[in-house]
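Colleague: Dropping a structure here in structure tokens format, bear with me for questions.
The values are calculated or read from the model by the stated rules, or taken from the named source; none is laboratory data. Nothing here was measured: the structure is a model prediction, and the numbers come from that model. Please note: Cβ atoms are built from the backbone with ideal geometry, for glycine as well, and neighbour counts cover all protein chains shown.
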Amino acid sequence: MPIIEPKDTSLKDLKGLHLWHSGLSSCSQRVRITLAEKGLAWESYEISIPDNEHATPEYQAINPKGLVPAFVDNGTLLIESCDIIDYLDQKYPEPPLRPANAASETTMLELLSAADKAQADLKLLSHEFLFRPRKPMNELEVEEFAARHNNRGLVDFVKEWQGGDIFPKEKLDAAVTRTDEDFFKLDKAVAKQNWLIGSEMTLADIAWMPNVHRMMLMDWPLERYENLCQWFERVKARPSYQQALVDWQPPGLAEKFASYVIDRRDTAGVHVTAFGALAKAA
Ligand SMILES: N[C@@H](CCC(=O)N[C@@H](CS)C(=O)NCC(=O)O)C(=O)O
């Protein structure tokens, strides 16, 4: 449901645009990119996931799922990144980020749903291949997080992540294979056109660009998707990519991830190419 009634009723009094987000979060990246493409000014509230700021009662009164992002437009609260960017494009239509004809718009909305669905795989893969060194939690910290956070799905995920050195292989295989299939579909979509829906960038491109960026950080063999790589070059050339995505990454983070990924491959044989469809292709 795109618009929700805030538990924290003070949100209703807020004027202007307000975003609760996190620098690295792919869902936050979508919203920041849309705001940048539209040239809209917004108030920033950064939520640190490693510091569990999304587990506070105050934040869960803003987003009842305890996830980022959350967005308020003059008292109207929305959660769910794909709903937020769709709302933004409808409410602030210039420049348009959707195609003019209805059939293409349906295709765009399907690509938004697919990006939303792909979130679970992106999350699993990011936590496995990038975020393990982030901030290991001891048992007590995991229990504290579980006691404070209302989102049972997230709590179970964190318990499983922190409870072992690696997620079960079958989960990683399936997530890698589904992501590879998604990327091949996107690759096909941009084989004969610059953007996913045609000659102009739309919300569909914005919804997917954080995923390709994230997998790039993971040393995913993106060269498998030749057209998608060219599309990604076009994405990178947009000022919004630098401003709304790269500039929100902590300095030196890409390099830190790169050395972690290669070190783990060389010392433990754990690398994304050892799983699912990527392993079969090797
Ligand atoms: N479907 C939601 C997913 C939101 C979501 O999963 N947010 C992630 C960051 S991208 C989060 O808050 N994760 C908290 C955590 O990993 O502990 C959306 O698109 O906004």
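Colleague: If we scan the stretch 64-76, do we find a residue that is hydroxyl-bearing (S, T, Y), more than 10 Å from the ligand (Cβ to nearest atom) and not assigned by TED's automatic domain parsing to the domain that holds E143? Steps first, answer last, please.
Modeller: Of all residues in the stretch 64-76, those hydroxyl-bearing (S, T, Y) come to 76.
Filter once more, so that each one left must be more than 10 Å from the ligand (Cβ to nearest atom): 76.
Retained after the next criterion (residues that are not assigned by TED's automatic domain parsing to the domain that holds E143): 76.
Within the stretch 64-76, one or more residues are hydroxyl-bearing (S, T, Y), more than 10 Å from the ligand (Cβ to nearest atom) and not assigned by TED's automatic domain parsing to the domain that holds E143.
Table: residues versus (1) in contact with a Pro (Cβ under 9 Å, 6 or more places away or on another chain); (2) away from the ligand (no atom under 13 Å from the Cβ).
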| site | (1), (2) |
| --- | --- |
| T34 | no, no |
| L40 | no, yes |
| I62 | yes, no |
| D83 | yes, no |
| T107 | yes, yes |
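Colleague: Can you list the helices (runs of 4 or more DSSP H) lying wholly within the stretch 11-125 that have 3 or more residues being charged (D, E, K, R)? First the steps, then the outcome.
Modeller: Details: elements: 26-38, 57-60, 81-91.
Counting at least 3 such residues, we get 26-38, 81-91.
Colleague: Identify all residues within the stretch 145-176 that are away from the ligand (no atom under 14 Å from the Cβ) and part of a helix (DSSP H, G or I); write none if there are none.
Modeller: Hits for the stretch 145-176 are A147, K169, E170, K171, L172, D173, A174, A175, V176.
Colleague: Considering only residues that are touching a residue at least 60 places away in the same chain (Cβ under 8 Å), within 24 Å of H127 (Cβ to Cβ) and buried (at least 17 other Cβ atoms within 10 Å of the Cβ), look in the stretch 224-258 and name the one that is nearest to the chain's Cα centre (by Cα).
Modeller: Looking at the filtered set, the residue picked out is L245.
Colleague: Of the conditions (1) free of Cβ contacts under 8 Å to residues at least 60 places away in the same chain; (2) within 15 Å of the ligand (Cβ to nearest atom); (3) within 30 Å of K38 (Cβ to Cβ), A114 fails just one. Which one is it?
Modeller: Checking A114 against (1) free of Cβ contacts under 8 Å to residues at least 60 places away in the same chain; (2) within 15 Å of the ligand (Cβ to nearest atom); (3) within 30 Å of K38 (Cβ to Cβ), the one that fails is (1).
Colleague: Restricting the stretch 198-223 to residues that are among the small types (G, A, S) and in contact with a helix residue (DSSP H, G or I) (Cβ under 7 Å, 6 or more places away or on another chain), which is surrounded by the fewest Cβ atoms within 10 Å (Cβ to Cβ)?
Modeller: Taking the stretch 198-223 as the starting set, the residues that turn out to be among the small types (G, A, S) are 198-199, 204, 207.
Keeping just the survivors that are in contact with a helix residue (DSSP H, G or I) (Cβ under 7 Å, 6 or more places away or on another chain) gives 198, 204, 207.
Numbers: G198: 17, A204: 28, A207: 28.
It comes out as G198.
Colleague: Sticking with this structure for a sec: Run down E94, E80 and say which single residue is in contact (Cβ under 8 Å) with a residue 60 or more places away in the chain and out of contact with any helix residue (DSSP H, G or I) (no Cβ under 7 Å at 6 or more places or on another chain).
Modeller: Values: E94 fails: in contact (Cβ under 8 Å) with a residue 60 or more places away in the chain.
Checking each option against the conditions leaves just E80.
Colleague: Still on this model: Against the definition (in contact with an Asp or Glu (Cβ under 7 Å, 6 or more places away or on another chain) and either of a type in the set (K, R) or surrounded by fewer than 18 Cβ atoms within 10 Å (Cβ to Cβ) (or both)), how does G75 come out, yes or no?
Modeller: Numbers: in contact with an Asp or Glu (Cβ under 7 Å, 6 or more places away or on another chain): yes; either of a type in the set (K, R) or surrounded by fewer than 18 Cβ atoms within 10 Å (Cβ to Cβ) (or both): yes.
Yes; evaluated as a whole, the condition is true for this residue.
Colleague: Quick one: would you say I47 is closer than 28 Å to Q242 by Cβ, within 12 Å of the ligand (Cβ to nearest atom) and of a type in the set (V, I, T)? Lay out the reasoning, then the answer.
Modeller: Details: closer than 28 Å to Q242 by Cβ: yes; within 12 Å of the ligand (Cβ to nearest atom): yes; of a type in the set (V, I, T): yes.
Yes; evaluated as a whole, the condition is true for this residue.
Colleague: Also, quick follow-up: Within the stretch 216-264, which residues are touching a Cys at 6+ places or on another chain (Cβ under 8 Å) and not acidic (D, E)?
Modeller: Our first condition is that a residue be touching a Cys at 6+ places or on another chain (Cβ under 8 Å); within the stretch 216-264, this holds for 222-223.
Hit for the stretch 216-264 is L222, nothing else.
Colleague: Additional query: Does S44 count as out of contact with any helix residue (DSSP H, G or I) (no Cβ under 8 Å at 6 or more places or on another chain) and in contact (Cβ under 8 Å) with a residue 40 or more places away in the chain? Write out each step before concluding.
Modeller: Numbers: out of contact with any helix residue (DSSP H, G or I) (no Cβ under 8 Å at 6 or more places or on another chain): yes; in contact (Cβ under 8 Å) with a residue 40 or more places away in the chain: no.
In short, no.
Colleague: Looking at the stretch 126-144 only, could you name the residues that are part of a loop (DSSP other than H, G, I, E, B) and over 27 Å from K256 (Cβ atoms)? Full working, then the answer.
Modeller: Looking only at the stretch 126-144, we keep the residues that are part of a loop (DSSP other than H, G, I, E, B), and these are 130-138.
Result: no residue meets the conditions.
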